[in-house]
Every structure is written in structure tokens, then in C-alpha cells.
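Heads up, the thing below is written out as C-alpha cells.
The values are calculated or read from the model by the stated rules, or taken from the named source; none is laboratory data. Keep in mind that what you see is a predicted model, and the values were worked out from it rather than measured. A quick note on method: Cβ atoms are made from the backbone with ideal geometry, for glycine too, and the neighbour counts reach across all protein chains shown.
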Amino acid sequence: MIQKKQYIKRSALLLAFFIVTAMAAAQAFTKDQLLGKITPAKDTNFILISAKYTDKKNIYLNKEAYQAFEKMAAAAAKEGIQIKIISATRTFDAQKTIWEKKWVRADYVKFPEEQRVKEIMKYSSMPGTSRHHWGTDIDINSLENSYFDKAEGKKLYDWMVKNAAQFGFYQTYTSKKDGRTGYEEEKWHWSYMPIAGPMLTEYQKMITYSDISGFSGSQFAAFNKVIEEYVLGILK
Ligand SMILES: [Zn+2]
């Protein structure tokens, strides 16, 4: 009798294990989600960011990332630190608008096209390769590293370095001194890793250079190793 009970218990545990594994597999992402070919306003995975946290109109985050952000912002506020979101989800089309503007700007036009890609990518992503497509990443308070070196900015940055990980947020574009490739350091860019981590894993499996197209200079993505050095060039 006891043996039978144990058998049932073991079977139930095994079944629970399979259900959890199957749920994890079902959480897989689509190519469109990974490439930012999404409409956050009509997508139930996303939520509009409250005016409490941003001056921007109609900007969205992944729901789970947003809940974590709210907890983090509340914890920071208790210590007199205000975290303001200045950019969050950006679609493929929004990134394309940013990219195409830079592509024809005088300070970039002077470079031959294959090199122009690299110049723009010091700070901006190619459409289809931005973590901002995923709804998991935020830019906070200022787009200048120098802001985070003194006064309010330093207080905020030091707080983030110490506490953000407790809420799932990490600075992905850290100093390049340790050999990290890709974008320059961005003290303002923080990523919600519990979702962004699995998305990056799926990106590696599902996205190839043939998926990165439809904008000026896209033919130079492979030449510049955009996936290997930029998409994968995050904190180690
Ligand atoms: Zn960013």
C-alpha cells in the first residue's frame, strides 16, 4: 500500500515536471516578436507606461517587465531616487525611422556605406536587431554617459548597479574594457533579463541575416557581424 502511494506521488511529480517543461517550450517566441514586427498598442503582452514614469506619450513595455519596473521604481523612490523612462519598446518601423534619418545625416554620409553602418551602430541598432523590439529594455533619465557620473545621475546609477538585479534589470552595454564587442557603453540602457535572456537565446536559433532587411545599408549587416558582435555583444 505504502509503495503504491509513493508510486502515485512519484508519477504526479513526474507529470508536473513534464507540464512545466512543456509550458516553458510553449513560451517560445515568433520571428516577428524577435524582429520587432509588432503593434504594442494592440498586443496583450504589452502595457502602456503610466505618465508617472515617463514624459513620453504612448510608450509601452512588456507587462511582466513593467510590473518589475514598478517595484524597482518604488524601491528607488523610497531612497529619493526618481527613475524616468525615456525610451522603452520600439518597433522595427520605429527603429527604421531612426536608422534612415541617421543614414542621410551629413556627419554619417561622409563615410562609405559599409563603414557608415558601423558608425551609426556605435549607439543605434539596425532595425530587426534592437533589444528595444522586445519590450524588455528601457533607457532611463539621460542618453549621455556623463549624466551618470555626477550628482543626481551618479546617485541613480550607483543605486541601479547595487539594486536593479534584484528586480531582474541589468545594464547590458557595459564598459568594453573587458573585451565586450558591439555598442559603446550605455549607462542608461537596462534590460529585464528574465524575458530578454530567453528571447536572445531564441534569436540566436531563429534569426539569420536574411531576416535583417528592408532598410538602407541592410546588405552590410553580415559584413559588420551585426548578430555576432552587436546582438550578442552584451554583458558577460
Ligand atoms: Zn536603449
Q. Looking only at the stretch 140-174, which residues are over 24 Å from Q67 (Cβ atoms), aliphatic (A, V, I, L, M) and more than 12 Å from the ligand (Cβ to nearest atom)?
A. A151
(Q) Consider the stretch 12-53. How many of its residues are surrounded by 18 or more Cβ atoms within 10 Å (Cβ to Cβ) and either hydroxyl-bearing (S, T, Y) or modelled with pLDDT under 95 (or both)? (A) 1
Q) Which one of these does K155 not meet: (1) closer than 24 Å to K56 by Cβ; (2) in contact with a helix residue (DSSP H, G or I) (Cβ under 9 Å, 6 or more places away or on another chain); (3) in a helix (DSSP H, G or I); (4) not small (G, A, S)? A) (2)
(Q) What are the pairs with Cβ atoms under 8 angstrom where one residue, in the stretch 219-233, is more than 20 Å from M199 (Cβ to Cβ) and the other, located anywhere, is hydrophobic (A, V, I, L, M, F, W, C)? Sequence gap at least six, or different chains. (A) F220/V117; F223/V117; N224/V117; N224/M121
Q) What about F215, is it at pLDDT 95 or above and within 16 Å of the ligand (Cβ to nearest atom)? A) no
**Q.** Residue check, Y203 within 14 Å of the chain's Cα centre (by Cα), away from the ligand (no atom under 16 Å from the Cβ) and part of a helix (DSSP H, G or I)
**A.** yes
Q) Among all residue pairs at least 6 apart or on different chains, which show Cβ distances below 6 Å where the first residue, located in the stretch 119-140, is farther than 27 Å from T44 by Cα and the second is away from the ligand (no atom under 11 Å from the Cβ) and modelled with pLDDT under 95? A) K122/E184
**Q.** Scope the stretch 178-199; condition touching a residue at least 60 places away in the same chain (Cβ under 8 Å) and either closer than 16 Å to E64 by Cβ or in contact with a strand residue (DSSP E or B) (Cβ under 6 Å, 6 or more places away or on another chain) (or both); matching residues
**A.** W188, S191, Y192, P194, I195, A196, P198, M199
Q: Would you tally the residues in the stretch 98-139 being within 12 Å of the ligand (Cβ to nearest atom), in contact with an Asp or Glu (Cβ under 7 Å, 6 or more places away or on another chain) and either within 12 Å of N224 (Cβ to Cβ) or in a loop (DSSP other than H, G, I, E, B) (or both)?
A: 1
